[in-house]
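Below: one structure, written as structure tokens.
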Amino acid sequence: QVQLVESGGGLVQPGGSLRLSCAASGNIISVWTMGWYRQAPGKQRELVATSTSGGSTNYTDSVKGRFTLSIDKAKKTVVLAMNSLKSEDTAVYYCNARIRASWFAGFGDYWGQGTQVTVSS
């Protein structure tokens, strides 16, 4: 089985910073991409940032210049550094990874349990 374990959420004031970490473990043959999504109350889950198969990173427009994604495929970890946080960044953040866990199947999507980020004064 594959597990994604997240850490680093919490409460921060507007303009502050937080760092989210996610580590994948279990029966992992290969990691294709890793990234973060978020879901605010009453809204759909949306992409925040993700690595691509070409080695670049995609960010949603609202976080460009403020958030930085770092991925270490060898260690199967991904970190989201969030700066200049705004109230609209408040959401549950979910780690996502596309992982091949079996020689008899292709890559599948795996999710962490979610970590709450609250930006409030």
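The values are calculated or read from the model by the stated rules, or taken from the named source; none is laboratory data. Note that the coordinates shown come from a computational prediction; the quantities given were computed from them, not determined experimentally. All Cβ positions, even for glycine, are placed from backbone atoms using ideal geometry, and neighbour counts span all protein chains on display. Side chains included, ligands, DNA and RNA excluded: accessible areas come from the protein's heavy atoms. Shrake-Rupley method; radii C 1.70, N 1.55, O 1.52, S 1.80 Å.
When residue 95 is tested against (1) open to solvent by less than 20 Å² (accessible area, probe 1.4 Å); (2) out of contact with any Cys (no Cβ under 6 Å at 6 or more places or on another chain); (3) closer than 21 Å to residue 1 by Cα, only condition (2) is not met. Filtered by the rule that a residue be assigned to a strand (DSSP E or B), under 15 Å from residue 10 (Cβ atoms) and open to solvent by 10 Å² or more (accessible area, probe 1.4 Å), the range 103-118 gives 115, 116, 118. Answer yes or no as to whether residue 100 is touching a residue at least 60 places away in the same chain (Cβ under 8 Å), open to solvent by 20 Å² or more (accessible area, probe 1.4 Å) and not acidic (Asp, Glu). It is true that residue 100 is touching a residue at least 60 places away in the same chain (Cβ under 8 Å), open to solvent by 20 Å² or more (accessible area, probe 1.4 Å) and not acidic (Asp, Glu). Across the range 41-83, the qualifying residues are those that are small (Gly, Ala, Ser) and open to solvent by less than 50 Å² (accessible area, probe 1.4 Å), and the one among them that is nearest to residue 100 (Cα to Cα) is 51.
Taken over the range 1-40, the criterion of being exposed (fewer than 13 other Cβ atoms within 10 Å of the Cβ) and within 23 Å of residue 54 (Cβ to Cβ) is satisfied by 29, 30. Of all residues in the range 85-95, none satisfies being within 21 Å of residue 24 (Cβ to Cβ) and either in contact with a helix residue (DSSP H, G or I) (Cβ under 6 Å, 6 or more places away or on another chain) or in a loop (DSSP other than H, G, I, E, B) (or both).
Looking at the range 27-83, the strands (runs of 3 or more DSSP E) lying wholly inside it that each contain 2 or more residues that are under 19 Å from residue 16 (Cβ atoms), out of contact with any Lys or Arg (no Cβ under 6 Å at 6 or more places or on another chain) and at pLDDT 95 or above sit at 30-39, 67-72, 77-82.
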